[in-house]
Amino acid sequence: MKPFNNYAETQALSESRKLPKGGYVVKIMGAEVKEYSWGQRLEISIDISEGEYKDFYAADYRAQNTEDKKWKGVLRLSVPTDDGSEKDDLTKRIFKGNIEAVEDSNSGYHWDWDEKKLKGKTVGCIFRSEEWEIGGRNGWKSQPYKFIPADKIRSGDFKIPDDKAKSNKTSSASIDTDLSSFEDITTGNSDLPFDI
């Protein structure tokens, strides 16, 4: 057999590990408001901070071998528009519930509209299964759903929401795989997209 180019440098495909849906205590790695054509979102990057899946997203980030690495543990909250609509009222209630969970989980912390101060805070996060589809392939993965007080996660006092199927499927094929891989790497945090 003829050897192919870059065999020594080629990174072998590692076995992927899925994050099960459920409740986890997480650490907020960073937060920023992002502008979209339809409005703003507060995007809060998190990682699991306790238990069997501790540092799950850091390990996933390190295992990505492409130039456009992405941090996959992100809770996205729509920012209210103050337009007086029922939808905006619901957006406000969801936003406040998530912020109150951070306050309840961090003694002495009070939300002061500076999203940068969320960094380093501990909070509980419920993850639900959501269907994904890319290039005709699809499957399921756990995604951050909402924050709750960390003590509720630790005591098991939470309910996992129903799975969220993709509503606009382009293919009926079902492949139960996860695009994120997991590798237990404990080499510090200097290669992560956050200053810790």
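Taking the stretch 127-162 as the region of interest, how many residues are assigned to a helix (DSSP H, G or I), touching a residue at least 60 places away in the same chain (Cβ under 8 Å), more than 14 Å from residue 28 (Cα to Cα) and not basic (Lys, Arg)? Spell out the reasoning first.
So in the stretch 127-162, the residues assigned to a helix (DSSP H, G or I) come out as 150-155.
Add one more test, that the residue is touching a residue at least 60 places away in the same chain (Cβ under 8 Å), and what stays is 150, 152-154.
Next, only the ones that are more than 14 Å from residue 28 (Cα to Cα) stay: 152-154.
If we keep only those that are not basic (Lys, Arg) as well, we get 153.
Selection size over the stretch 127-162: 1.
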Conditions (1) over 27 Å from residue 165 (Cβ atoms); (2) of a type in the set (Phe, Trp, Tyr); (3) without any contact (Cβ under 8 Å) to a residue 12 or more places away in the chain: number failed by residue 111 = (3)
Counted residues in the stretch 112-138 being crowded, with 16+ Cβ neighbours inside 10 Å and of a type in the set (Gly, Ala, Ser) come to 2
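Let's see how each residue does on (1) small (Gly, Ala, Ser); (2) crowded, with 17+ Cβ neighbours inside 10 Å:
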{"position": "57", "(1), (2)": "no, yes"}
{"position": "70", "(1), (2)": "no, no"}
{"position": "75", "(1), (2)": "no, yes"}
{"position": "80", "(1), (2)": "no, yes"}
{"position": "87", "(1), (2)": "no, no"}
{"position": "97", "(1), (2)": "yes, no"}
{"position": "102", "(1), (2)": "no, yes"}
{"position": "110", "(1), (2)": "no, no"}
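Computed from the coordinates by the stated procedures, all read-outs in this text should not be read as laboratory data. Owing to the predicted nature of the structure, the values given are computational and were not obtained by experimental measurement. Positions of Cβ are backbone-derived with ideal geometry, glycine not excepted, and every protein chain shown enters the neighbour counts.
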